[in-house]
1. Sort out which residues of region 139-174 are of a type in the set (D, E), at pLDDT 85 or above and within 21 Å of the chain's Cα centre (by Cα), and write them in order of number.
2. May I ask you to verify whether I316 is over 30 Å from Q401 (Cβ atoms) and either outside any strand (DSSP E or B) or touching a helix residue (DSSP H, G or I) at 6+ places or on another chain (Cβ under 6 Å) (or both)?
3. Taking into account only those residues within region 191-207 that are at pLDDT below 80 and of a type in the set (S, T, N, Q), which is least open to solvent (accessible area, probe 1.4 Å)?
4. Could you list all residues from region 365-397 that are at pLDDT 80 or above and in a loop (DSSP other than H, G, I, E, B)?
5. Residues in region 335-351: is at least one touching a Gly at 6+ places or on another chain (Cβ under 9 Å), surrounded by 13 or more Cβ atoms within 10 Å (Cβ to Cβ), at pLDDT below 85 and not β-branched (V, I, T)?
6. Would you pick out the residues in region 145-172 that are open to solvent by less than 50 Å² (accessible area, probe 1.4 Å) and over 13 Å from I109 (Cα atoms)?
7. List the pairs whose first member sits in region 220-231 and is in a helix (DSSP H, G or I), whose second member is open to solvent by less than 100 Å² (accessible area, probe 1.4 Å), and whose Cβ atoms are under 7 Å apart, counting only residues at least 6 apart or on separate chains?
8. Looking only at region 271-293, decide whether some residue is at pLDDT below 85, polar (S, T, N, Q) and under 21 Å from L390 (Cβ atoms).
Amino acid sequence: MVELFIGMPLFEIRYDILGWIVGVLFIVSCSVLLWWQRREHRSLTDELKMIDELQSRSIEFDMVLKTMKLSIWKIDIARQMVTFGSDYREQADFLGSAELPISEFARRIHPDDRSRIHQVIVQMMEGKIDENTSQYRVRPFGADRFVWEESFCMVTEHSATGEPQTIVGTSMTIENRKLIEDELRDARNRAQESDRLKSAFLANISHEIRTPLNAIVGFSDILPLVHDDQERAELIRLIQENNRKLLRMIEDIVTMSKMEAGGSEVNKTEFDLSLLVNVVADDYRARNTNAEVSVLTEVPAEPFRIVSDRTSVTTILDQYMSNALKFTAAGTVTAGYDVMAEGFVRIWVRDTGKGIPSEKCNDVFDHFVKLDEFIPGTGLGLPICRATALMLGGRVGVESQLGQGSTFWAELPVR
């Protein structure tokens, strides 16, 4: 029995079962290996997709900055440094460096805006405000002027104790916007000034027209009842004088309206300026009813021919002479001209009247300006002179001393 026991094997090897076990283990190993490879491949694919997405977002981000012409920057509060990233503002090399101290950036801000922007930055550093939008003027590197800029910024990082650490912002130049705003503001001011001038014109012209009309109508009604020849002659003279005043007002209104509408034309011809000055002075000498005032001329004896618009030059002399006689109670009103070396001639009318305060000399050529409300006039004569001189390529001005008289002049090209 022992022998039998000894002669028999302890266990019998079943190669069929062993083959199944090895096969199962091989299949499991292959499955695990395949799963791991797929997992690694999927992880690598995800990383590549993430990289592509980040690159795409970066490109889109730069496109937005470039389209909006923005720059992006951040302030490191601990280091007190401003770092500029992508900068697509119109000025190349806007601040000359990608990083600069806050103090250096502050020195480039316009002095009128510096304290305001400094206060905003301090409030953000202290945690009092989290975001801000401001407009200010800054001088780019290498530029000799300031440009308008608008910035939006916000606190993006805080310390463990809640103190701000980083401020991130964007900036863009707004020069064109400011120009448009200035133009709109000027247009609004001009519209308001135009409304004011229209009101002043209507109030002034209604009074100025009514005065000669009342004289014309009143004296015309009385004229048939007067039989004394001397009284009739005086009434006729007064009617004719007020007729001229009324016609002068209407002519001034029409002339100024044509000039403002651009309907005036320049017809240049050659004529003798000396003769023209004498003719205008003779006309006013004949119409002058104030025996205390003498109308004189100071012109060379020989002719001086110029090429210009004779009617326009006559208008300037006519307006100057009319004003001088109205504001001169005694003395002289003198018309003349001086030849200048630059190819211009200065036509002038000098009087010994009441004069003009120095602070008012620059205003007398504006529309509807009247320095003495008791002296009749529409306030259009001198503006017409200025517009006429500009149309002829010249300019006007006045020299005056209060109580001693005035000299109104117009410089016109000789040819």
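1. Step one: of region 139-174, the residues of a type in the set (D, E) are 144, 149-150, 157, 163.
Still in the running and at pLDDT 85 or above: 149-150, 157, 163.
Those that are of a type in the set (D, E), at pLDDT 85 or above and within 21 Å of the chain's Cα centre (by Cα): E149, E150.
2. No: the conditions fail for I316.
3. N204
4. L392, G393, G394
5. There is no residue in region 335-351 that is touching a Gly at 6+ places or on another chain (Cβ under 9 Å), surrounded by 13 or more Cβ atoms within 10 Å (Cβ to Cβ), at pLDDT below 85 and not β-branched (V, I, T).
6. Matches in region 145-172: C153, V155, S159, G162, P164, T166, I167, V168, G169, T170, S171, M172.
7. Partner pairs satisfying both residue conditions: S220/I239; I222/L235; L223/R232; L223/L235.
8. Among the residues of region 271-293, not one is at pLDDT below 85, polar (S, T, N, Q) and under 21 Å from L390 (Cβ atoms), which makes the answer no.
The values are calculated or read from the model by the stated rules, or taken from the named source; none is laboratory data. Here the structure is a predicted model, which means the values were calculated and not measured. Every residue, glycine among them, receives a Cβ derived from its backbone with ideal geometry; neighbour counts consider all protein chains shown. Protein only, heavy atoms only, side chains kept; ligands, DNA and RNA dropped before computing areas. Shrake-Rupley method; radii C 1.70, N 1.55, O 1.52, S 1.80 Å.
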